[in-house]
Amino acid sequence: MSEQQSFDLIVIGAGSGGVRLARMSAAKGAKVAVVESRYLGGTCVNVGCVPKKLFVYGAHAGEDIEDAAGYGWHVPEDQVRFDWARLVANKNAEIDRLNGIYARMLDNAGVTVINGTATLSDANTVMVNDQAYTAKHITVATGSWPSIPDIPGKECVLSSNEMFYLPQLPRQAVIWGGGYIAVEFAGILAGLGVETTLLYRGELFLRGFDGDVRRFMATEMEKKGVNLKFGVNIESVENIDTHYHVRLTDGTRLTTGLVMAATGRKALVEGLGLEALGVEMTQSGHIAVDDHFQTSVPSITALGDVIGTPQLTPVALGQGMVLSRRLFGDGQGDMDYSSIPTAVFCQPNIGTVGLTEEEAREAGHSLRIYRSEFKPMKHTLSGRDERALMKLVVDDKSDQVLGAHMVGPEAGEITQGLAVAIKAGATKAQFDSTLGIHPTSAEEFVTMREPVG
């Protein structure tokens, strides 16, 4: 064992939050190390948001080719080819490039990167590859990992991680789950020509989203060929003659070439040694922290997916900024979780910020609801049967816009701008007095005049 090395801060996990914390803390003069056992950039860069959206672009390209005919482009069907291996290879090259950028960012910031698996031997010591590293502060930012229910045939079921490296596309696929990841992968596969079935145990997927958005999205996904089966679960999966036989709780069976579970993620804490040190955990298996990311052990903090806050990259980035300021800055700062904008990169996209209609009513608001549904201009010539939905949730007494929700092309891009207005407390009158950009879908948000509820 070589001589022990000491730091002001050791961050366990080089995902979005951990890297941001490390860089900002080093910029404040702290001596910082980051321990990573897999890949720089964490889930988002490697097996999450970035490669997923690249796949979404790839899947949507097929529709663009079809739509081109309405605009005078002649694309013979027998000349259209899709090469899955090329998409995966190009995606891998981009991820490698991003990994390199993360490495350079950490190096330029003066952060020491330690490759290996971390274990805490005491409240100020991290062991990696039989080497001890000590620090005044240790932050756990290990993220989360896909969780697959323990059913017969579980070994036949893939998680989202493996989907990014499939050697080839199957002809049929079953997606199990009803959240972001399930809906996005169902859209990706269907867009690439895979006969896709999405199964969810509840009455309707995307729990927590606005009810109108959920219902509208179900209709649009079915138009795109996704077979939606709600109110069912998987009982077992069996591999027979290169196909998977899926038995469902309603007594039916499916035969498919791939089964993917997007049934939740668990905090990645196994093997860290936290419980032996007295670090308290929540009932859901996340690390328990206070509002300032402090665990029950004074020298140990935690942030990101591992503490059970919204599993979004910008949330982890924001937490990293706040914690760096608290540890090595003026000791002030709080994380604001209100009106977090988000997008689901299904097809068409979902963008949402602020309260849903259901949340607003439950909170006691008297509401005015504005809703518009229409065919995007692009499809007046393409002929595609795709519609868009836009919705504003407004407090009737104050006129404040409490929430904005959209299903349609570039919903995430549009919602980002709306998030600024809603965060600033904009009123419906201010939306109405804002001139629209014509002709765009986005202008609908400032031209809806008559409430529907």
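The values are calculated or read from the model by the stated rules, or taken from the named source; none is laboratory data. From a predicted model like this one, the values you see are computed outputs, not experimental measurements. So basically every Cβ, Gly included, is an ideal-geometry build from the backbone, and we count neighbours across all protein chains shown.
Observations
- Some residue of segment 274-296 being more than 21 Å from GLY17 (Cα to Cα) and β-branched (Val, Ile, Thr): no
- Residue within segment 111-128 that is more than 27 Å from ARG171 (Cα to Cα), of a type in the set (Asp, Glu) and touching a residue at least 12 places away in the same chain (Cβ under 8 Å) present: yes
- Only one of the numbered conditions (1) surrounded by fewer than 23 Cβ atoms within 10 Å (Cβ to Cβ); (2) out of contact with any strand residue (DSSP E or B) (no Cβ under 9 Å at 6 or more places or on another chain); (3) at negative phi is violated by GLN319, and that is (1).
- Qualifying residue in segment 404-424 (condition: in contact with a Ser or Thr (Cβ under 9 Å, 6 or more places away or on another chain), loosely packed, with under 15 Cβ neighbours inside 10 Å and of a type outside the set (A, V, I, L, M)): no
- Flag for ALA343 being touching a residue at least 40 places away in the same chain (Cβ under 8 Å), out of contact with any Leu (no Cβ under 8 Å at 6 or more places or on another chain) and of a type in the set (Gly, Ala, Ser): yes
- Among the residues making up segment 164-198, those that are under 19 Å from the mean Cα position of the chain (by Cα) and assigned to a strand (DSSP E or B) are ILE175, TRP176, LEU198.
- Lone qualifier among LEU54, LEU40 - being within 22 Å of ASP96 (Cβ to Cβ) and outside any helix (DSSP H, G or I): LEU40
- When segment 323-362 is limited to residues that are within 18 Å of ARG20 (Cβ to Cβ) and crowded, with 22+ Cβ neighbours inside 10 Å, the one that is nearest to the chain's Cα centre (by Cα) turns out to be LEU323.
- Among residues that are part of a strand (DSSP E or B) and under 21 Å from the mean Cα position of the chain (by Cα), MET260 is included.
- Exactly one residue out of ALA141, ALA123, ALA182, ALA135 is assigned by TED's automatic domain parsing to the domain that holds VAL213, touching a Leu at 6+ places or on another chain (Cβ under 9 Å) and not charged (D, E, K, R), and it is ALA182.
- Matching option when the condition is farther than 30 Å from TYR57 by Cα and touching a Ser or Thr at 6+ places or on another chain (Cβ under 7 Å), among ALA267, ALA302, ALA316: ALA302
- Leading residue by the ranking (farthest from LEU40 (Cα to Cα)) among those in segment 110-130 that are among the hydrophobic types (A, V, I, L, M, F, W, C) and in contact with a helix residue (DSSP H, G or I) (Cβ under 8 Å, 6 or more places away or on another chain): ALA123
- Output for segment 65-99, where each listed residue is surrounded by 14 or more Cβ atoms within 10 Å (Cβ to Cβ) and among the aromatic types (Phe, Trp, Tyr): PHE82, TRP84
- Here the condition is being within 14 Å of VAL157 (Cα to Cα), touching a residue at least 40 places away in the same chain (Cβ under 8 Å) and of a type in the set (A, V, I, L, M); of VAL213, VAL183, VAL246, it holds for VAL246 alone.
- Test: residue in segment 131-143 that is modelled with pLDDT of 95 or more, crowded, with 18+ Cβ neighbours inside 10 Å and of a type in the set (Phe, Trp, Tyr): yes
- Scanning segment 63-70 finds no residues that are of a type in the set (D, E, K, R), under 30 Å from MET24 (Cβ atoms) and in contact (Cβ under 8 Å) with a residue 40 or more places away in the chain.
- The condition (being under 20 Å from LEU258 (Cα atoms) and surrounded by fewer than 16 Cβ atoms within 10 Å (Cβ to Cβ)) is satisfied by just one residue among GLU222, GLU203, GLU184: GLU222.
- For segment 406-446, filtering for residues that are in a helix (DSSP H, G or I) and of a type outside the set (Gly, Ala, Ser) leaves 16.
To keep it simple, each residue is scored yes or no on (1) closer than 30 Å to ARG171 by Cα; (2) part of a strand (DSSP E or B).
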| residue | (1), (2) |
| --- | --- |
| PHE7 | no, yes |
| VAL11 | no, yes |
| GLU66 | yes, no |
| HIS74 | yes, no |
| GLY100 | no, no |
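- Residue pairs whose Cβ atoms lie under 7 Å apart, sitting 6 or more positions apart in sequence or on different chains, and linking a residue in segment 249-277 that is not assigned by TED's automatic domain parsing to the domain that holds VAL306 to a partner that is assigned to a strand (DSSP E or B) and among the charged types (D, E, K, R), are THR249/GLU235; ARG253/ARG247.
- So ARG104, is it over 30 Å from GLU275 (Cβ atoms), of a type in the set (Lys, Arg) and more than 22 Å from the chain's Cα centre (by Cα): yes
- Some residue of segment 363-385 being part of a loop (DSSP other than H, G, I, E, B), among the aliphatic types (A, V, I, L, M) and either surrounded by fewer than 17 Cβ atoms within 10 Å (Cβ to Cβ) or outside the structural domain of ARG215 (by TED's automatic domain parsing) (or both): yes
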